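See below for the structure under consideration.
We did not get these values from a lab; they are worked out from the coordinates using the rules stated. Predicted model only: the values in this text are computed from it and were never measured. In this analysis, Cβ positions are derived from the backbone assuming ideal geometry, glycine residues included, and neighbour counts consider all displayed protein chains.
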Amino acid sequence: MLRKSSPVFNRLLDRIAQMPVVDCHEHLRGPDRDPEVAPTEPISALTVLYFISDLWAAGASNQEIMLLQSAEASTDEKWPVFSRLWARAEHTAYARVTKLVLKEVYGVDKLTREALDRIAEQLASRDRSYYMKAIQDAGIKAVIADIIFPPPWERHVRYFASPTLKELLEGQFPLPDIWHPVFNIPYYHEIRTREFIDFVGALADVDTTSLGGYEAAMFELIKRSKSQGVIALKDQSAYRRVIAFDLPPRSDAERMFNKLLIDPRNQLAWPEAKPLDDYLFHQFIRFARELSLPVQIHTGHLAVIRNRVSQANAAHLAPVLELHSEVQFDLFHGNWPYMGDFLFLGKNYPNVSLNLCWVNMIDPLYAQELLKRAVMTIPHTKIHGFGGDYWQSSEHAAAHLILAREVIASALTDLVESDWLEEEQANRIAADWLYNNPNRFYRLALPSYEV
């Protein structure tokens, strides 16, 4: 727990635990796909995605990380390395999510070598029903999923094509009814090869032998994707560049684009490609306005290790938010560790909402302080309280939600006990953060939830 038990905290947490949730950000691909690629070896299953970064930060070598993530290595081979690193990192918030999975899913209170054998038995015997059961039992009523681009294990094709988008447009990407995909845009403005241009043209059935043709093709693809259920655009350019987007002359962008057209063997690289990258980013935001789609943008902390977080500070986006004032932006991840900049953007720009996806398990105390300060600085209707942000494991997403509910209850308890809020006001705010606000922002048309 983030705080000692108190009557106010206990009552708030009990109420919040019963509230429905819109999960604002996942990479979960649904029960027809994720179970096929989910790890079946228990250490790999427990450390999926984020906690492995803490093991790396704890001193694991690259070879040890490869061992822990290997699908071929046995648990016996992994255990000496894992147990040593677990002892160093078991108190992080990522590890707390792992411990919640251990307890809530597998009934394990302490991670031991023998416990891993029991987990392996459960992994081997379960059917696919577990996947949706984790979502439903958590009270999640909608999942906003960033999945329309090649997953990490197929990242080598991202700058050449998007088979996933092709499947979506052809009706070959089945998703549960509560799943709502977003259109991931970075690889379409980070053009590096002629092959990708040709892919876009063929998929849209539009001539892309000019920059104008490529723009028309992209508008067609986004429009068709909306007809297939896409509800927003998503950009996570911060992983590869600073999120300061200039307004270059179209002629500069066209010169870069034509370099790829004139010789398919040519390639672009950063920062040479910045004029084209920036120009197309702004075009896609204009498309979002025309198609009435909100835009999600990754800000703050970056997954894995050895990243430069300064290039992901949401403060870089101020010119974009001012220019595209008719577009609604949902800024992600609490902009960790830049809280003040995040709150300023939410307070200063009517077209900005603040999303706490992922940050509840990056730094729960930061998230708690952010929520307290948000109540005092910006309208509470501009906060989206939860996004699990997991690949493959619906159980980890549900465990993350347990932690997020605790963060929210703890933040609101402080405000009630200091007489800033009444308890029923705190309950209504929690319901808005977790459900009503994202339901309205993303136009999900779910029934409103009244406390």
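Observations on the structure shown:
- Residues with amide H under 5 Å from that of Val352, placed H, sequence gap 5 or more: Phe329
- Neighbour net charge for Leu421 - beta-carbon separation under 11 angstrom, K R +1, D E -1: -4
- Global geometry of the range 90-236, whether rounded, prolate or oblate, following the gyration tensor of its Cα atoms and the 1.5 cut on a/c: prolate
- For the chain, the relative contact order is 22 percent, taking Cα pairs closer than 8 Å that sit 6 or more residues apart in sequence and dividing their mean separation by the residue count.
- FRET efficiency for the pair Lys347 and Lys166, taken as 1/(1 + (r/R0)^6) with r the Cβ-Cβ distance and R0 = 56 Å, rounds to 0.85.
- Two-site FRET efficiency, Val451 against Arg224, from Cβ-Cβ distance with R₀ of 35 Å, rounded to 0.05: 0.35
- For the chain, the share of DSSP beta bridges that are antiparallel, to the nearest 5, is 5%.
- Highest-first packing order for the peptide set 392-403, 193-204 is 392-403, 193-204, based on the mean count of other beta carbon atoms within 10 Å.
- Cα centroid separation, the range 377-451 to the range 270-284 (Å): 35
- Note on the range 130-441: dipole from Cβ charges, positive end direction compared against Val327, Leu169, Ser210; the farthest Cα belongs to Ser210.
- Given charges at Cβ of Lys, Arg, Asp, Glu: the range 399-451 dipole, positive-most of Ser410, Tyr442, Gln425: Tyr442
- Sequence-distant aspartates and glutamates (8 or more away, or on other chains) whose Cα lies within less than 12 Å of Lys382: Asp330, Asp432
- 20 Å-binned pair-distance histogram of the chain (Cα, whole percent): 25, 56, 19, 0
- Proximal charge balance of Asn307 [Cβ under 13 Å; K/R count +1, D/E count -1]: +4
- Note on the range 239-390: Cα convex hull, mean projected area over all directions, 10.3 nm².
- Alpha-carbon Debye profile of the range 151-264, log10 I(q)/I(0) at 0.09, 0.10, 0.13, 0.23 Å⁻¹: -0.26, -0.32, -0.54, -1.53
- Which listed pairs, of Lys99/Lys141; Lys133/Lys372; Lys166/Lys223; Lys110/Lys141; Lys234/Lys259, have C-alpha distances above 21 Å, in listed order: Lys99/Lys141; Lys133/Lys372; Lys110/Lys141; Lys234/Lys259
- Divided by 2.2 N^0.38 Å, where N counts the residues, the Cα radius of gyration of the range 39-127 comes to 0.99.
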